[in-house]
Structures are given as structure tokens and as C-alpha cells.
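Following: one structure in C-alpha cells, then a few remarks.
The values are calculated or read from the model by the stated rules, or taken from the named source; none is laboratory data. Computed from a predicted structure; not experimentally measured. Here the Cβ positions follow ideal geometry from the backbone for every residue, glycine too, while neighbour counts run over all protein chains shown. Side chains are part of the model used for accessible areas, which takes the heavy atoms of the whole protein and leaves out ligands, DNA and RNA. Shrake-Rupley method; radii C 1.70, N 1.55, O 1.52, S 1.80 Å.
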Amino acid sequence: MKDSERIVTITRVERVERQAGRYTIHFDGAAPLEVHEDVMIKFRLLKGSELSLDSLTEILRADEGNKAYVQAIKYLQRKPRTRIELARNLAQKGYEDGIVHEVLDRLEREWLVDDKSYAMQWAHQRLNRHMKGRRWIQHELKQKGVQDRHIETALYSIDPEEEWESALHAARKKWRQTKGEMHLRKQKVAAFLARRGFPMDMARRAAYAAADEQVDEEGVSGHLDE
């Protein structure tokens, strides 16, 4: 009989102190094994149970997968993440590629990771809260490892009028911060909007609209002072 086929018997199961859900499994002919209770239940690791030494490798791998899953859940608790962001985090923690892929597939089945939904939410959040244009949003999503098809769907969902309102809001705010002659201020605001990812033609229109509003406000103010 091969050593890997040798049968061992569980002699004792103990809860690990100060580690929730962790148990130490003792055998009559092998070193103790520490596993999560989910793994213990899955493999029915109860006192008196018999198993081959070869099966211990599978159990250890399952426990490693459980640890990686718990790590991924902790990482997701802070904020939503993309599949690539989670993969990078788990790789940095030392988990092997096979286990990482298994964990990510599980998270997707459980809808805890959904790059398409993530891209949609990210696009509208960056547009409305941070006044970023679609080119900037596209760049950010690429940096986060989102697939091109999900990025395209997210960008397509942006209403042109919604992007225009965001550009105009940003233009108004930037206009109040600029100094100098009118045409130079327009150039500065348009360039600022372009750097934030808005299309150049939209950036120019928003800069000119902000300038026109300023002129109108000054005209009204002048009439009131007369």
C-alpha cells in the first residue's frame, strides 16, 4: 500500500482559541490539521472518521480556498471591487492562481463581484459627483481591469445631456477660480475640462456658456446698481 493511501482516524476535534470558526483535527497516525468549520462540515471531519492521507491534500486546499474567500470578503467590505482588483489583492496575500480563480468564480456566482454593474455605477458616480468626462472614466475603468465590453456598455449608458450638465457645472466652478482676460479664461476652462475627460467640443461650449453667464450676471448687477 502506498503511504498516501494509508488510512488514519480522527481522534479528537478541538476549537482553536481566539480564532472564530477554526478547529484543530487530531489523527492517530498523522500531524494535526487546522481547518475552518465550513471545511470540517464539508468533509465530515468528526471524531472517529477515517480518511486516507491522500485526502488530506484536498482538505488543505479546500481550507486554503476558504481563507482566500474570507480575505476577499474582507476586501469587499470596504467598497465594491472589480475581479482584477480582487485577484491582485489575493495574489499579494500569497494565494496561488488556481485558488484565486476558484474564489473569484464563486464570488461572481454569488453576485458579490459583477464588473458590468460596477462599471455602470462607477461611470455615473464619477460623472455626477466628481464631474469627470467619459474619456477619464474610460481610463479609470481600464486601470481597474474592467473588460472593454463592460466599459463600452457603461459609457453608452451615459446620457449626453447628463454629461453636458456635469461639464457645465465644472466649468462654472473653474470659471470662478480663473483670472485674466476673457478669452484667456475661456481657454483655461476649456483645457481644464478636456483634461477631466470631456470631449473638446463640449469643453469649449461649457467654457463659453460659463463666460456668457458671468457677463449676464455682471449686466444684471450693473442695472441694479444704477
Practice item. Mind counting the residues in the range 80-99 that are at negative phi and not in a helix (DSSP H, G or I)? Key: 6
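Provide a single number: the residues in the range 1-53 that are part of a helix (DSSP H, G or I) and closer than 26 Å to VAL70 by Cβ. Lay out the reasoning, then the answer.
Applying the first criterion (part of a helix (DSSP H, G or I)) to the range 1-53 yields 3-5, 37-42, 53.
Still in the list and also closer than 26 Å to VAL70 by Cβ: 37-42.
Here the count works out to 6.
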Check your understanding: If only one of ALA171, ALA123 is open to solvent by less than 50 Å² (accessible area, probe 1.4 Å) and in contact with a Lys or Arg (Cβ under 8 Å, 6 or more places away or on another chain), which one is it?
Key -> ALA123
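May I ask you to list the residues in the range 154-181 that are of a type in the set (S, T, N, Q) and out of contact with any helix residue (DSSP H, G or I) (no Cβ under 8 Å at 6 or more places or on another chain)?
Narrowing the range 154-181 to residues of a type in the set (S, T, N, Q): 157, 166, 177-178.
GLN177 - this is the single residue of the range 154-181 that is of a type in the set (S, T, N, Q) and out of contact with any helix residue (DSSP H, G or I) (no Cβ under 8 Å at 6 or more places or on another chain).
Go through the range 100-114 and count every residue that is surrounded by fewer than 15 Cβ atoms within 10 Å (Cβ to Cβ), part of a helix (DSSP H, G or I) and acidic (Asp, Glu).
Taking the range 100-114 as the starting set, the residues that turn out to be surrounded by fewer than 15 Cβ atoms within 10 Å (Cβ to Cβ) are 101, 105, 108-111.
The next check asks that each one be part of a helix (DSSP H, G or I); those that pass are 101, 105, 108-109.
Restricting the remaining residues to those that are acidic (Asp, Glu) gives 105, 108.
Residues flagged as surrounded by fewer than 15 Cβ atoms within 10 Å (Cβ to Cβ), part of a helix (DSSP H, G or I) and acidic (Asp, Glu) within the range 100-114 amount to 2.
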Check your understanding: Can you name the number of the only condition in (1) closer than 26 Å to TYR23 by Cα; (2) surrounded by fewer than 18 Cβ atoms within 10 Å (Cβ to Cβ) that ALA68 fails?
Key -> (2)
Revision key, fill the gap. Selection over the range 71-99 where residues are surrounded by fewer than 18 Cβ atoms within 10 Å (Cβ to Cβ), under 13 Å from LEU112 (Cα atoms) and touching a Gly at 6+ places or on another chain (Cβ under 9 Å) yields a count of 0
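Can you tell me how many residues in the range 126-140 are closer than 20 Å to HIS169 by Cα and either surrounded by fewer than 20 Cβ atoms within 10 Å (Cβ to Cβ) or touching a residue at least 60 places away in the same chain (Cβ under 8 Å) (or both)? Walk me through how you get there before you give the answer.
Initially, the range 126-140 is screened for residues closer than 20 Å to HIS169 by Cα, giving 126-137.
Still in the list and also either surrounded by fewer than 20 Cβ atoms within 10 Å (Cβ to Cβ) or touching a residue at least 60 places away in the same chain (Cβ under 8 Å) (or both): 128-137.
Residues that pass the stated criteria total 10.
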